[in-house]
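These notes are about the structure you will find just below.
The values are calculated or read from the model by the stated rules, or taken from the named source; none is laboratory data. All of these numbers come straight from a predicted model, not from anything done at the bench. Virtual Cβ from ideal backbone geometry, glycine too; neighbours counted across all protein chains shown.
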Amino acid sequence: MKASRPLWIAALLLVGAAGAFWGAGSVPVALLCLAAVAAVVALSGVARRVLGVLLVVVGVVAAFSGHWLAIAGGVLVVASGALQVVLGARMPKIGMGGQKAHAQDPEADMWRALERGDDPTDDRNGPGRSSNE
């Protein structure tokens, strides 16, 4: 299974739960579910697992409001939380890990040297030395 798939499943479960809670009239819980979508994507490791445990608790408590949409929303939140507890460590995280390092650009380096007041074509200056010294 692709590593990002459980992350998207957990996020979509929370969006579905938000819709169910909104329909049940539990607007604060619906907004909490939408905020949890951002938290699921932003957190990683232990923090994501802790969020999963909290979502399981919130889902169970919210399902006891009695409305059938709230029960459905609670089941979706519990499913998302359980997925995060079980697979949270394998889900990708936001950050520099997926981005490629920028290669050195000689032209940009020459412009930076000119901005510092160095002559980039003068070999006597050497790297990092200013011609004004």
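Among the residues of the range 20-42, write down those that are touching a Leu at 6+ places or on another chain (Cβ under 6 Å) and not β-branched (Val, Ile, Thr). Answer for the range 20-42, where residues must be touching a Leu at 6+ places or on another chain (Cβ under 6 Å) and not β-branched (Val, Ile, Thr): ALA20, GLY23, ALA24, CYS33, ALA36, ALA39.
Rundown of residues vs (1) surrounded by 15 or more Cβ atoms within 10 Å (Cβ to Cβ); (2) at pLDDT below 80; (3) aliphatic (A, V, I, L, M), yes/no style:
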residue	(1), (2), (3)
VAL57	no, no, yes
LEU87	yes, no, yes
MET96	no, yes, yes
GLN104	no, yes, no
ARG129	no, yes, no
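Scanning the range 56-74 for residues that are in contact with a Leu (Cβ under 8 Å, 6 or more places away or on another chain) and farther than 16 Å from VAL27 by Cβ returns a single hit, GLY59.
Of the conditions (1) at pLDDT 90 or above; (2) surrounded by fewer than 21 Cβ atoms within 10 Å (Cβ to Cβ), ALA70 satisfies every one except a single condition; which number is it? With respect to (1) at pLDDT 90 or above; (2) surrounded by fewer than 21 Cβ atoms within 10 Å (Cβ to Cβ), ALA70 is out only on (2). If you go through the range 33-86 and keep only what is outside any helix (DSSP H, G or I) and over 16 Å from the mean Cα position of the chain (by Cα), you end up with PHE64, SER65, GLY66, HIS67. Scanning the range 3-56 for residues that are under 14 Å from ALA79 (Cα atoms) and either without any contact (Cβ under 8 Å) to a residue 12 or more places away in the chain or in contact with a strand residue (DSSP E or B) (Cβ under 8 Å, 6 or more places away or on another chain) (or both) yields a total of 2.
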